[in-house]
Amino acid sequence: MSRARCRSDSRSCAFALLALFALSGCSSIGDYGRLSDPIVTDDIHAWVGKEAAASVGSPTSADNLTEDERTLRDLAFPLIEPPYDRIRWDAVVYEYGTKRSFRRELWAFDPMAYYRNLQKEAFRSSAGRYNQLIDDIRNDIVRIEPFFMAARRVVDLDRRRAASMAQVASLTPAERINAQARINENSLTIAWVERSLNQRCAGYRFALEHLAVGEAEPAAADANRVLTELQQRIEANQVVIVAPLLAVVPAVMAVAK
């Protein structure tokens, strides 16, 4: 089956499942903010790397994803998706990246957005808003180490891949193009997550400062403590990526095998 047919079938499946959940009044989200198992496919987040590359005009690769590359994208998505978008009835559409407007919104940063969404929630007390803020920050903290462990593995293998490319004279132009494009995708995905994490911290900080003024609670100290921990975890997990070679060839060439 061709790759185009597979992508088409995946999108059709996603929308069919979305329609099913809409008719039944159920949510596509299960425990701990994860998609229900029947909805998940191996390459559900493959679009993340392609979107990262496309955002800077870099070509995308037609090579299959390795397990580490797939894991990198799976772990990247919750760190680039806004925390307030995670629990929603139509989450399957967002997980599959089938809504173009959502992809564009992922690149736009509004430091006030998190606070606005926090204010929209129907909490019975101010303590509920602080608890939500603390929970969202803690969720990011526990996601950081698994992502960067995967990122370090992928970067190490990409360095080896680049070294192999320099040694193998029999590679076809298409093989070289696709290999370099994949290195770009991986590096740009990691850079996207690092950028997103710093922006999330800014959004959380804005929310905390405004809550502390408008709805002063003892929980503000706890929120400040976990936010400081998040910032420290981010600083401790910087990865030196393989520098992307942007726009090495026209994007259409990168899919030729």
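Only the coordinates and a few stated rules stand behind these numbers; no lab work does. If you're wondering where the values come from, they're calculated on a predicted model, not measured in any experiment. Reconstructed Cβ throughout: ideal geometry from the backbone, glycine too, with neighbour counts over all protein chains shown.
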Per-pair calculated FRET efficiency, R0 = 35 Å: Ala108 and Glu175 via Cβ, rounded to 0.05: 0.45
Ranked by how many other beta carbons lie within 10 Å on average, peptides 135-144, 198-207, 46-55, 229-238 from highest: 46-55, 198-207, 135-144, 229-238
Radius 12 Å from Cβ of Asn237, net charge of other residues (Lys, Arg +1; Asp, Glu -1): -1
